[in-house]
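Heads up, the thing below is written out as structure tokens.
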Amino acid sequence: MAGSSSYQIKNICVFGGSSPGKEIEFLESANHLGQVLAERKIHLVYGGGSLGLMGGVSIAAFLGGSQVLGVIPKVLAKEDLLGKTIGEELQVSTMSERLNTMFKHADAFIALPGGLGTLEEIFHISSWAQLYIHHKPIGLLNVNGFYDKLLSFLDHAVEQKFLTSSA
């Protein structure tokens, strides 16, 4: 964080697609993010599994030496819908418990491109920030402009006074 040398990020929660997406740059960015986390000795917290962008970031972080914690609901782990979790796996009962657990283990959040699950997670965490439940940094990795239209919509919501500019 610029101007804040006292805040050290040790654990980053990454949200992203369990699909690699259409563009190769999505997976390349996930792999690169995992490598950067490992180089900076930052631990990864993620939603478990080994598929898509989540697989890319978790494998790269793990191979680079980062501690990796995958938090996954038991029903998804049992069905093996997301592939084998990389690193340590923590099974929880519900999707809500999954997000709460990831929140508790993270100092900051990054969203890679993804679908409804990724959007739900980043909006949930962002709404908590708007309600002053936390002050943890939140970022979108806007690969190839993936989030441009979402950011435009959020600007519109600010203009219409449904969001504050600090959100």
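Screening T85 with (1) at pLDDT 95 or above; (2) open to solvent by less than 50 Å² (accessible area, probe 1.4 Å); (3) farther than 20 Å from H134 by Cβ gives one miss only, at (1). The set of residues from region 104-128 being under 20 Å from I42 (Cβ atoms), outside any loop (DSSP other than H, G, I, E, B) and of a type in the set (G, A, S) comprises A108, A111. Of L112, L99, which residue is touching a strand residue (DSSP E or B) at 6+ places or on another chain (Cβ under 9 Å) and touching a residue at least 40 places away in the same chain (Cβ under 8 Å)? Among L112, L99, only L112 is touching a strand residue (DSSP E or B) at 6+ places or on another chain (Cβ under 9 Å) and touching a residue at least 40 places away in the same chain (Cβ under 8 Å). Residue-level analysis places G49 among those that are at pLDDT below 95, within 28 Å of G145 (Cβ to Cβ) and crowded, with 22+ Cβ neighbours inside 10 Å.
Taken over region 34-46, the criterion of being of a type in the set (A, V, I, L, M), out of contact with any His (no Cβ under 9 Å at 6 or more places or on another chain), open to solvent by less than 20 Å² (accessible area, probe 1.4 Å) and assigned to a helix (DSSP H, G or I) is satisfied by A38 alone. Here I72 meets each of (1) in a loop (DSSP other than H, G, I, E, B); (2) closer than 16 Å to S18 by Cα with one exception, condition (1). Might you check whether a residue that is basic (K, R) and under 15 Å from the mean Cα position of the chain (by Cα) occurs anywhere in region 81-98? Among the residues of region 81-98, at least one is basic (K, R) and under 15 Å from the mean Cα position of the chain (by Cα), which makes the answer yes.
The values are calculated or read from the model by the stated rules, or taken from the named source; none is laboratory data. Bear in mind the structure is a predicted one, so any value in this text is a computation, not a measurement. Note that we place each Cβ from the backbone using ideal geometry, even for glycine, and neighbour counts take in every protein chain shown. Heads up: the accessible areas ignore ligands, DNA and RNA and are worked out on the full protein's heavy atoms, side chains in. Shrake-Rupley method; radii C 1.70, N 1.55, O 1.52, S 1.80 Å.
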